[in-house]
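The values are calculated or read from the model by the stated rules, or taken from the named source; none is laboratory data. If you're wondering where the values come from, they're calculated on a predicted model, not measured in any experiment. Cβ coordinates were reconstructed from backbone atoms using ideal geometry, including for glycine residues, and neighbour counts include every protein chain displayed. Accessible surface is based on the protein model in full, side chains and every heavy atom, while ligands, DNA and RNA are left aside. Shrake-Rupley method; radii C 1.70, N 1.55, O 1.52, S 1.80 Å.
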Amino acid sequence: MDWLDQVVRLKRWTKDGVRAPHKPLLLLYALGRYQQDTEGGLRYSAVEGELKRLLAEYGPANPTTPGYPFHHLVSDGVWEVRTDQGLGSPGSAVGALRSSGATGRLAPALRTALGEEPALLGRMGRALLDAHFPVSLHADLCEAVGLDLEQAEGGVEARIRRQRDRRMRELILTAYEFQCAFCGYDGALGGSVVGLEAAHVRWWSHDGPDEVDNGLCLCSLHHKLFDKGVLGLGEGHRILVSRRFVGRSEASRRHVLALSGRTVIGPQAGVAPVAERHREWHARQVFHGEPRQPVG
Ligand SMILES: [Zn+2]
């Protein structure tokens, strides 16, 4: 059995451009749970809430039930369902799945393959993500299903790095009260923040520490522009916009050019703002050319 091929073929379930990520999401979730406990089964009534949230956040807008993939994934050969009566799914109706004690797990042949070749877990995870989701969501999805791809691919150092990333994100987002330090964006979806990221001022790859005075909470757009050197930090925690940046539309004016000269929002009282040495590093090494004049 070519498991990677199997994973990508789940895609065929989609048709006419309609997105149906239910099976890929369930399989990702199952891989994440398998990584934490290779023996454990997923009892429908126990995981229904988590699967529902996952579908609401990453699935299409129309409401949907986790019973559907829980039952139908069996036909793809990667998943099995047992009830209190034995092997076999009671169908996709949630009432039956709950009352029968339906419990799903990766198919035995897949579990054997994963046992023989542990790196397969990481490769399947990547294949699933690549085939069904845009790159910008991969890290969020892994976090949501508890799948640690770097660990699955065998890097201890990468795992430690990832744990540190998570801590840094929590530290910075809290320090800036879940708001973009440049524009004030503070969007949330279903109670969790969306489109907000922890940015390193001095890059981690260039000896930038995971400290609150080396971080900014930025929305995805401003994080990208800050890392690309379109935006920078000047003296007095004022935002710089590069003269090389060109944007003629009203949107570019509002989201980028108008930031020039504005003061950074946050951090909250008692938390260290961006340190001068990190600010200088970014200004020298990342920021592009001369800053524009602040808009009047
Ligand atoms: Zn922003």
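Here are a few things to note about the model shown:
- Of the residues Leu114, Leu129, Leu110, the single one that is under 13 Å from the mean Cα position of the chain (by Cα), among the aliphatic types (A, V, I, L, M), open to solvent by less than 50 Å² (accessible area, probe 1.4 Å) and more than 16 Å from the ligand (Cβ to nearest atom) is Leu129.
- Residue match in the stretch 29-36 (condition: open to solvent by less than 30 Å² (accessible area, probe 1.4 Å) and over 24 Å from Gly122 (Cβ atoms)): no
- Long-range neighbours under 8 Å by Cβ, at least six apart or interchain, first residue part of a loop (DSSP other than H, G, I, E, B) within the stretch 173-189, second near the ligand (Cβ under 9 Å from one of its atoms) and among the small types (Gly, Ala, Ser): Tyr185/Gly195; Gly187/Gly195
- Counted residues, the stretch 94-106 - those being open to solvent by less than 10 Å² (accessible area, probe 1.4 Å) and within 27 Å of the chain's Cα centre (by Cα): 2
- Here Leu26 passes the criteria (1) under 18 Å from the mean Cα position of the chain (by Cα); (2) exposed (fewer than 14 other Cβ atoms within 10 Å of the Cβ) except the one numbered (2).
- Apart from one condition, Ala272 fits all of (1) part of a helix (DSSP H, G or I); (2) within 16 Å of Gly208 (Cα to Cα); (3) open to solvent by 40 Å² or more (accessible area, probe 1.4 Å); (4) not aromatic (Phe, Trp, Tyr); the exception is (1).
- Residue match in the stretch 94-102 (condition: touching a residue at least 60 places away in the same chain (Cβ under 8 Å), on the phi < 0 side of the Ramachandran plot and of a type outside the set (S, T, N, Q)): no
- Subset of the stretch 159-177 (residues that are within 15 Å of the ligand (Cβ to nearest atom) and surrounded by fewer than 16 Cβ atoms within 10 Å (Cβ to Cβ)): Glu177
- The residue that is farthest from the ligand (Cβ to nearest atom), among those in the stretch 178-213 that are of a type in the set (Gly, Ala, Ser) and open to solvent by 60 Å² or more (accessible area, probe 1.4 Å), is Ser205.
- Taken over the stretch 243-259, residues that are surrounded by 16 or more Cβ atoms within 10 Å (Cβ to Cβ) and more than 14 Å from the ligand (Cβ to nearest atom) amount to 1.
- Subset of the stretch 201-259 (residues that are more than 19 Å from Gly187 (Cβ to Cβ), small (Gly, Ala, Ser) and touching a helix residue (DSSP H, G or I) at 6+ places or on another chain (Cβ under 8 Å)): Gly208, Gly215, Gly232, Gly234, Gly247
- All positions within the stretch 37-64 that are within 23 Å of the chain's Cα centre (by Cα) and open to solvent by 60 Å² or more (accessible area, probe 1.4 Å): Asp37, Glu50, Lys52, Arg53, Ala56, Glu57, Ala61, Asn62, Pro63
- Extreme residue, farthest from Ala113 (Cα to Cα), among residues of the stretch 69-92 that are at pLDDT below 95 and acidic (Asp, Glu): Asp84
- If the condition is being within 14 Å of the ligand (Cβ to nearest atom) and part of a helix (DSSP H, G or I), then the stretch 214-242 contributes Ser220, Leu221, His222, His223, Lys224, Leu225, Phe226, Asp227.
- Odd one out for Glu150 among (1) near the ligand (Cβ under 10 Å from one of its atoms); (2) touching a Lys or Arg at 6+ places or on another chain (Cβ under 8 Å); (3) of a type in the set (Asp, Glu): (1)
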